[in-house]
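The values are calculated or read from the model by the stated rules, or taken from the named source; none is laboratory data. All figures in this text were calculated on a predicted structure; none of them were measured in a lab. Note: ideal-geometry Cβ built from the backbone for every residue, glycine included; neighbour counts use all protein chains shown.
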Amino acid sequence: MSEPILSSLPLWILLLPLFGFLLNGLAYPLAAKGMGRTHVGIAGGIATVVMFLSFILACMGFVALRSSNGPLVQPLYDWVAISDLKISLVLHLDRLSSLMTLIITGIGTLIHLYSIGYMSHEKGAARFFAYLNLFCFAMLLLVLSDNLLFVFFGWEGVGLCSYLLISYWYSEEANAVAARKAFLVNRVGDLGFVLAMCILYLNAGTLSFSALAQHMAPEAMGMLGIAAVLLFFAATGKSAQLPLYVWLPDAMAGPTPVSALIHAATMVTAGIYLFARMHFMFELFPNLMVLVAWTGALTALFAGTIALVQNDIKRVLAYSTVSQLGFMFLALGVGAYQTAVFHLMTHAFFKALLFLGAGSVIHGCDGEQDMRKMGGLASKLPLTHITMLAGSAAIIGLPVFSGFFSKDEILYEVLVQPRGGWLLFACGAVAAFLTAVYTVRLLVLTFWGQARQGLGGHESPFVMTLPLVILAVLATVGGFLGVPHAWTHALGLESMHSLSAWLSPVIPAAAMLEGPLSEGVVSFLAVALGVAGSIVSYLTFRRRFDLPLPGLRRLFEGKFFVDEIYGALFVKPLYRAGEWMARVLEVGFVQNFGGWLGSGSLWSGQRMRALQNGDLQAFALVLTAGLVAIIGILLVWAHV
């Protein structure tokens, strides 16, 4: 890799969203004489402009990196410098973080713009846009930091902002409960991150990525293995994998733009980014990576089945996100890191589109989210319908939409890589089939068929539909950054997998191996599964809302009763322990402790006062006793 290049671009990419947060969170409310007096157009304009400027700078960084494999770096300050402990904040824009900043700032800009229309009736909207800018700042800090400690600061920052955004309408108890659940479940996973950092620092003496890569010593494999497991556990929390996925569906309580921001381009991809960045450590532990692959495969299947029976349009997409993240973990587990990042990118395009499209439907139906009450909206929301068709084709994996390239590549890598195999491939194939089923079900219940329950429906304003059109274009053509090698070789061309070439200096490409099936055959099977799932879904749900199998339907509607199991095993015992501590320790001990302290002081003062009587013999006795005690302590200490 080339030498680092000093540049202020990473700093300004990071700071602009922070400026937006300060303007909307402090300056504008002061100028307007109260948060409630702020106007959505002004607040949204400020937030969108700073995000767009950050995106422009990210594009400039991308162009600068094209001429050099070396990263753009900006040392800021030494945060800790005590003896051998030195931790500095250094911003580091390489080819992986450049791709992530383009996704965060680009899609973030579209979501901010969309929010101006979606939140148009909201009073005091500056608070909402301040939170959005702060969220993007935290995510940019996560991907631009060159060491694990500041990655962790960004990691925790997006957790805090997700809490603030999910509970934005905090007057409704369900929103506050969902935000609290997201915050607490993420803290469980984040404990693994903290412990992993401690282990890595004790063994390597550094938390810098480049330095850690040089300290993967065989003699420390045991402790490094523990750190790798802990980081994987942290990633399962942030990226909503089994068993810590339960927070993500409840995050739908927030405004729809928040769902798009969390689920598409930012928070849930943090675990994927961490794996890609730390690939040099995870590759040392093949057994752990097999576990990662199986976790992803089972999560993709598990969430896909639950999505089949959801009737809230946003919850279908929430479980879809969990399932698609499972595909990314499946790719990571078999060593296809570039493929996982490829699917991360295409997923950002089509999932942001689907969420914002769902928000347009909800906006057009005056807040209604139950798909059973919709139907026939294709003629009333024509632009939303067309753009969501593009997003749906992409997530199903139909040619030539973006998901076709990335999902098929995952399935092929799972089949040919040594840590993959037929069983993992079968899990991925079934999950792909389920994706088509629940996606077409959403389209059938929402846009097609007869209108139900008198919902009028109307198209959203231009400020909301423009981001949909841009994302639809990206969801359609974005996959051509990763054209399969088999296609280019068949045409006698050089490789057109531009994304792989871009990432190669930072993340190694998976080995090109021959498998039992060619890449073309795997693509054909994946497309056939997508088409078959679409047909089955259309025929099944065009006249009914639910699965025709009552037993499975009850199991899927109960979400496999995971929340109830967690409630019985963890939540209720903790509540009981808290009630006991409040009753016994708080009331019985803490509240009486002050009285006990006062009574003890009064009693001891009365005893001591009896000695203050002017008797020299009593003074001599106390002095002698004190000297004897001191000499005794010194003798014991010296003996020890």
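Pairs linking a residue in the range 327-350 that is touching a residue at least 60 places away in the same chain (Cβ under 8 Å) to a residue that is of a type in the set (K, R) and part of a helix (DSSP H, G or I), with Cβ atoms under 7 Å and 6 or more positions apart or on different chains, are F327/K407; H343/K407. In this structure, does G594 turn out to be in a helix (DSSP H, G or I), free of Cβ contacts under 8 Å to residues at least 60 places away in the same chain, loosely packed, with under 10 Cβ neighbours inside 10 Å and not aliphatic (A, V, I, L, M)? In short, yes.
This table checks each residue for (1) farther than 29 Å from L30 by Cβ; (2) touching a Gly at 6+ places or on another chain (Cβ under 9 Å); (3) of a type in the set (D, E).
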site: V63; (1), (2), (3): yes, no, no
site: P75; (1), (2), (3): yes, no, no
site: D94; (1), (2), (3): yes, yes, yes
site: I111; (1), (2), (3): no, no, no
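Just one of the listed residues (V309, V290, V316) is in contact with a Lys or Arg (Cβ under 9 Å, 6 or more places away or on another chain) and outside any helix (DSSP H, G or I), and it is V309. Does N175 fit the bill of being more than 30 Å from P4 (Cα to Cα) and of a type outside the set (S, T, Y)? For N175, the condition - more than 30 Å from P4 (Cα to Cα) and of a type outside the set (S, T, Y) - is met.
Just to be sure before I move on: is T488 polar (S, T, N, Q) and either assigned to a loop (DSSP other than H, G, I, E, B) or at pLDDT 90 or above (or both) in the structure I sent? No: the conditions fail for T488. Listed by position, the helices (runs of 4 or more DSSP H) contained in the range 173-286 that have at least 2 residues being within 30 Å of H112 (Cα to Cα), in contact (Cβ under 8 Å) with a residue 12 or more places away in the chain and in contact with a helix residue (DSSP H, G or I) (Cβ under 8 Å, 6 or more places away or on another chain) are 173-204, 221-238, 247-250, 256-260, 270-277.
Considering each residue of the range 529-548 in turn, at least one proves to be at pLDDT below 90 and more than 30 Å from F401 (Cα to Cα). Taking the listed residues G124, G117, the one that is out of contact with any Pro (no Cβ under 6 Å at 6 or more places or on another chain), surrounded by fewer than 24 Cβ atoms within 10 Å (Cβ to Cβ) and not assigned by TED's automatic domain parsing to the domain that holds S259 is G124, with no other qualifying.
Screening the candidates Y245, Y273, Y170 for the property of being aromatic (F, W, Y), at pLDDT below 90 and within 25 Å of Y131 (Cα to Cα) yields one hit, Y170.
Among the residues of the range 392-417, the one identified as touching a His at 6+ places or on another chain (Cβ under 7 Å) and of a type in the set (V, I, T) is I410. Within the range 491-512, being modelled with pLDDT of 85 or more and assigned to a loop (DSSP other than H, G, I, E, B) holds for S504, P505, V506, I507, P508, A509, A510. Taking interchain pairs and intrachain pairs at least six residues apart, which have beta carbon atoms under 8 angstrom, with the first residue in the range 354-371 and in the same structural domain as F462 (by TED's automatic domain parsing) and surrounded by 24 or more Cβ atoms within 10 Å (Cβ to Cβ) and the second assigned to a helix (DSSP H, G or I) and charged (D, E, K, R)? That search, which allows pairs on different chains as well, returns F355/K314; A358/K314.
Does G359 meet the test of being assigned to a loop (DSSP other than H, G, I, E, B), under 21 Å from I111 (Cα atoms) and not charged (D, E, K, R)? So G359 does not fit the description; no. Residues considered: A610, A618, A629. Of these, the only one that is part of a helix (DSSP H, G or I), free of Cβ contacts under 8 Å to residues at least 24 places away in the same chain, farther than 30 Å from Y245 by Cα and in contact with a Leu (Cβ under 9 Å, 6 or more places away or on another chain) is A618.
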